[in-house]
Amino acid sequence: MSQSNTPVPPDVPRTTAAALAEPTQRVTARWVTGLVLVNVGINAAFFGPINVFIAQQATGIDEANKEAIASLVLGCGAAVSLVANPFFGALSDRTVSGFGRRSPWVLSGAILAAAALLAMSGATAVALLVLFWCLVQLGANAAYAAITAAIPDRVPVLQRGGVGGLAALGQTAGILLGAVFGAVVSGNFMVGYWLCAAALLLSVLPYLFHRNDPTLPRELRPPFSWGNFLRGFWISPARHPDFAWAWLTRFLVNVCNQLTIVYLIFFLTDVIKHENPALGVLTLTGIYAVLVMITAVIAGPWSDRVGKRKPFVIASSAMIALAGLTMAFFPVWTGALIGAAILGIGFGAYQAVDFALLTQVLPQAADRGKDMGVINVAASLPQVFATGLAYLAVTQFGGYGTLFTTAAVIGLLGAVFVVKIKSVR
């Protein structure tokens, strides 16, 4: 397990070092509920626009170039998230506040993202769409970096699979909620953005009222210099190989997942010829979401009981790859339904158990926020990488069959490389 290398001065009471201690006390159901709701709100704010509203807005701006516009907007937002997540995670590590280290960033990030979503609702130019989506990513990633770091801060190792499963449930419920918004507003993306903003703001309140977020003593915050701050984002693979392999496998599996879903509404429109693509996205997302929630809450506690993570991560990664193959070789509505079910089964188990695995390879406790932010880049970077790769696959290299087959191959590589992680069973 990771331990902090930050010394505690002898004149600082032991109780004030709780922010840096390895957690041993089980977290309460009330705290976990607040954590889950934050994940619901953040993911509704992300995936309502990603899966439906940005595509609809791009079509309204220039239907002939809708794929290029959507890829530009999503790619620029993902690029912002690459920087924002570890940056705000590192800032939260150093935050000295009566409200704790993580809570101020959950609140301020949610407010910024909600305001940007409201601004997006009136955007009529590509440049404005890019700008406001980047601000959504900035704020939502600040909140997400903080809430993610709260888990290794407060949850003991033997409870992390279960809590990781419930966090995955919250993330999936947020994705489903975004799809519900997309179907309910019937093409009125302006109303959809307002619903996403409201969901985000309301979701953070229960956590903030019961945050269990110990304060960082000012004496324990190291002196600041830009050089040390920036150098801290590099985590040497030679010194921390398990962290590096965990990062790489998460990146590959998320590339696979992102390639499978990034053009889903266009796939339903142009290949399957679904009569109501937004409703089709909701149907597929609903199947996916239900199975993610079921497998996440089963696999997470199961891995806690048996004390193993890697077999679960390998098997679930292979399932995610199988979903891509299903979509590639059965490009019909039935194939899409089966692919969504397989993806849900695999991704639910993966989210729960891989998250627990990741918390066990963090280099040191004092940098949990920054290190989890670096890990979260492995989920954000695929949005940049996958949008460009998806565009080329669909427009230049054979279409959706090539897209989904590529996704499957990359996902299988992610499964194989998990065996390289040595310190976690």
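The values are calculated or read from the model by the stated rules, or taken from the named source; none is laboratory data. Quick caveat, the model's predicted, so the values are computed rather than measured. When we count neighbours, we look across all protein chains shown, and the Cβ atoms used for this are built from the backbone with ideal geometry, even at glycine. The protein model used for the area step is the full one, side chains on, heavy atoms only, and it has no ligands, DNA or RNA in it. Shrake-Rupley method; radii C 1.70, N 1.55, O 1.52, S 1.80 Å.
Summary of computed values
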{"quantity": "Only one of Ile342, Ile298 that is farther than 21 Å from Thr148 by Cα, at pLDDT 95 or above and assigned to a helix (DSSP H, G or I)", "calculated": "Ile342"}
{"quantity": "Residue count, the stretch 358-400 (criterion: open to solvent by 30 Å² or more (accessible area, probe 1.4 Å) and small (Gly, Ala, Ser))", "calculated": "3"}
{"quantity": "Search result, residues across the stretch 399-425 that are over 14 Å from Val361 (Cβ atoms) and of a type in the set (Val, Ile, Thr)", "calculated": "Thr402, Thr405, Thr406, Val409, Ile410, Val416, Val419"}
{"quantity": "Residue in the stretch 376-385 that is touching a residue at least 24 places away in the same chain (Cβ under 8 Å) and among the β-branched types (Val, Ile, Thr) present", "calculated": "yes"}
{"quantity": "When residues of the stretch 124-155 are limited to those that are more than 21 Å from Thr28 (Cβ to Cβ) and among the small types (Gly, Ala, Ser), the one most open to solvent (accessible area, probe 1.4 Å)", "calculated": "Ala127"}
{"quantity": "Residues of the stretch 27-59 satisfying the condition of being without any contact (Cβ under 8 Å) to a residue 12 or more places away in the chain and either surrounded by 24 or more Cβ atoms within 10 Å (Cβ to Cβ) or touching a helix residue (DSSP H, G or I) at 6+ places or on another chain (Cβ under 9 Å) (or both)", "calculated": "Thr59"}
{"quantity": "Pro331, sole failed condition from (1) assigned to a helix (DSSP H, G or I); (2) open to solvent by 40 Å² or more (accessible area, probe 1.4 Å); (3) in contact (Cβ under 8 Å) with a residue 60 or more places away in the chain", "calculated": "(1)"}
{"quantity": "Test: Val52 is assigned to a helix (DSSP H, G or I) and modelled with pLDDT under 90", "calculated": "yes"}
{"quantity": "Considering residues of the stretch 82-99 that are in a loop (DSSP other than H, G, I, E, B) and either closer than 13 Å to Thr148 by Cα or not β-branched (Val, Ile, Thr) (or both) only, the residue least open to solvent (accessible area, probe 1.4 Å)", "calculated": "Ser97"}
{"quantity": "Matching residues in the stretch 78-112 - criterion: being touching a helix residue (DSSP H, G or I) at 6+ places or on another chain (Cβ under 7 Å), small (Gly, Ala, Ser) and at pLDDT 90 or above", "calculated": "Ala84, Gly89, Ala90, Ser92, Ser97, Ser103, Ser108, Gly109, Ala110"}
{"quantity": "Lone qualifier among Thr260, Thr215 - being in contact with a Ser or Thr (Cβ under 9 Å, 6 or more places away or on another chain) and β-branched (Val, Ile, Thr)", "calculated": "Thr215"}
{"quantity": "Boolean, Ala336 is in contact (Cβ under 8 Å) with a residue 40 or more places away in the chain and under 21 Å from Gln171 (Cβ atoms)", "calculated": "no"}
{"quantity": "Count of residues meeting criterion [closer than 26 Å to Ser317 by Cβ and outside any helix (DSSP H, G or I)] in the stretch 234-249", "calculated": "6"}
{"quantity": "Members of the stretch 211-253 that are open to solvent by 60 Å² or more (accessible area, probe 1.4 Å), within 22 Å of Thr95 (Cβ to Cβ) and touching a residue at least 24 places away in the same chain (Cβ under 8 Å)", "calculated": "Arg211, Asn212, Thr215, Arg218, Glu219, Arg221, Pro222, Phe224"}
{"quantity": "Residue satisfying all of: in the stretch 254-272; surrounded by 21 or more Cβ atoms within 10 Å (Cβ to Cβ) and in a loop (DSSP other than H, G, I, E, B); farthest from the chain's Cα centre (by Cα) among these", "calculated": "Tyr263"}
{"quantity": "Residues satisfying the stated conditions in the stretch 156-172, i.e. under 13 Å from Ala299 (Cβ atoms) and open to solvent by 10 Å² or more (accessible area, probe 1.4 Å)", "calculated": "Gly162, Leu166, Leu169"}
{"quantity": "Hits in the stretch 301-317 - residues which are open to solvent by less than 40 Å² (accessible area, probe 1.4 Å) and either of a type in the set (A, V, I, L, M) or not in a helix (DSSP H, G or I) (or both)", "calculated": "Gly307, Arg309, Val313"}
{"quantity": "Residue tally, condition within 23 Å of Trp31 (Cα to Cα), assigned to a helix (DSSP H, G or I) and of a type in the set (S, T, N, Q), over the stretch 188-232", "calculated": "1"}
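Condition check ((1) of a type in the set (Val, Ile, Thr); (2) over 25 Å from Phe347 (Cα atoms); (3) assigned to a helix (DSSP H, G or I)) across all residues:
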position: Ala142; (1), (2), (3): no, no, yes
position: Ile147; (1), (2), (3): yes, no, yes
position: Gln159; (1), (2), (3): no, no, yes
position: Gly164; (1), (2), (3): no, no, yes
position: Ile175; (1), (2), (3): yes, no, yes
position: Ala179; (1), (2), (3): no, no, yes
position: Ser186; (1), (2), (3): no, yes, no
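Here is a yes/no grid of residues against (1) at pLDDT below 95; (2) among the hydrophobic types (A, V, I, L, M, F, W, C):
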residue	(1), (2)
Leu35	no, yes
Val40	no, yes
Asp62	yes, no
Leu72	yes, yes
Ala116	no, yes
Ala123	yes, yes
Phe132	no, yes
